[in-house]
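Bear in mind these aren't lab numbers, they're just calculated from the coordinates by the rules spelled out. Because the structure is a prediction, the values reported are computed rather than measured. We place every Cβ from the backbone using ideal geometry, glycine too, and count neighbours over all the protein chains shown.
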Amino acid sequence: MSTEEEEEGFRDKIATVDADGKRIWVFPKKQYGKYFTKRSILAYSLLAFLFAGPFIRIGGEPLLLVNILERKFVIFGQIFWPQDMFIFALGMVAFVVLVIVFTVVFGRLFCGWVCPQTIFMEMVFRRIEYWIDGDWNEQKKLDRMPWNGHKIGKRALKWGIFWLISFLIANTFLGYII
């Protein structure tokens, strides 16, 4: 095997799976710094906007409503009926093109700062995980610990809170539809 093949050998296996096919868990460290603080402020602002959105009214209409059953679509207080679908479709195509162009130009910025998956994972669920399980060293210790009352209690608390937050998120999204 040449030196080049040896250097590229890391591509032959997945870093989070061992030789037996079992998962190797990753425990991330807490983040700190001025950019993380700015990112947190933006993320919490977006989360506040998401949860307040169904209650914001413009001209008596909700900010955003996609009511498929009544065939009524409201975007920024403007109502679109089925006969307005060409306008709605044109706006959606423009929005998708804008998202694609923005992602091509500023993709890393989008993924790290405003992507919903990143916001929920890093600013909601991971914060709760750090609060209950501790930093990555404590999480590793807890993972290696045998199943006892302490570990079961922490896991039950964490997963219970995760379930409640997921329920809240799902009902918030229903507020945009119903």
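Along the charge dipole of the chain, pointing to its positive end and built from +1/-1 on Cβ of Lys, Arg, Asp and Glu, which listed residue (Leu142, Val97, Cys115) has its Cα farthest out?
Going by the charge dipole, the pick is Leu142.
Let me have the 222 nm mean residue ellipticity of the chain computed from DSSP H runs of 4+ only, each contributing -39500 (n - 2.57), with the sum over all residues rounded to the nearest 500. List each step's numbers first, then the result.
Values: 6 runs with 95 residues, N = 178.
-17500 deg cm²/dmol, from helical runs alone.
Sequence neighbours fewer than 8 away in the same chain don't count; with that in mind, list the aspartates and glutamates whose C-alpha is under 17 Å from Lys151.
Correct list for Lys151: Glu129, Asp133, Asp135, Glu138, Asp143.
Kindly state, to the nearest 0.05, the FRET efficiency for Tyr32 paired with Trp81, given R0 = 41 Å and r defined as their beta-carbon distance. Kindly include the intermediate steps, with their values, before the conclusion.
Values: r = 50 Å, r/R0 = 1.23.
So, using R0 = 41 Å, E works out to roughly 0.25.
Return one number: the angle in degrees, 0 to 90 and rounded to the nearest 10, between the long axis of the Cα atoms of helix 85-109 and the longest principal axis of the Cα atoms of the chain.
Taking Cα atoms only, the helix is inclined about 30 degrees.
Using the number of other C-beta atoms within 10 angstrom as an exposure proxy, rank Trp136, Trp81 with the fewest first. Kindly include the intermediate steps, with their values, before the conclusion.
Details: Trp136 14, Trp81 11.
Going from sparsest to densest Cβ surroundings: Trp81, Trp136.
Run the quick spin-label model on Arg11 and Val93: label points 7 Å from Cα toward the beta carbon, then report their separation in nm to one decimal.
3.9
Sequence-distant or interchain residues sharing an amide H contact under 5 Å with Lys72, placed H: which?
It is Asn67, by chain and number.
What whole-number distance in Å separates the alpha-carbon centres of region 104-152 and region 43-99?
For region 104-152 versus region 43-99, the Cα centre distance is 31 Å.
Can you give me the long-range amide H partners of Ile58? Hydrogens built in the peptide plane at 1.01 Å from N, cutoff under 5 Å, separation of 5 or more residues or another chain.
Under 5 Å from the amide H of Ile58 lie the amide H atoms of Leu63, each far enough along the sequence or on another chain.
In angstroms, what radius of gyration and Dmax does region 23-177 have, counting Cα atoms only?
20.2, 62
Could you calculate the FRET efficiency of Phe49 with Cys111 from 1/(1 + (r/R0)^6), where r is the beta carbon distance between them and R0 is 30 Å, rounded to 0.05?
Details: r = 19 Å, r/R0 = 0.64.
My answer for the efficiency is 0.95.
Given charges of +1 on the Cβ of Lys and Arg and -1 on the Cβ of Asp and Glu, with all other atoms neutral, how large is the dipole of the chain about its Cα centre, in debye to the nearest 20? Don't jump to the answer; show the numbers that get you there.
Details: 22 positive and 17 negative charges, 177 e Å.
Computed about the Cα centre, the dipole is about 860 debye.
Among the listed pairs Lys13/Lys140; Lys22/Lys158; Lys34/Lys141; Lys13/Lys38, which are separated by more than 32 Å between their Cα atoms?
On the way: Lys13/Lys140 23 Å; Lys22/Lys158 24 Å; Lys34/Lys141 29 Å; Lys13/Lys38 36 Å.
Table pairs above 32 Å Cα-Cα are Lys13/Lys38.
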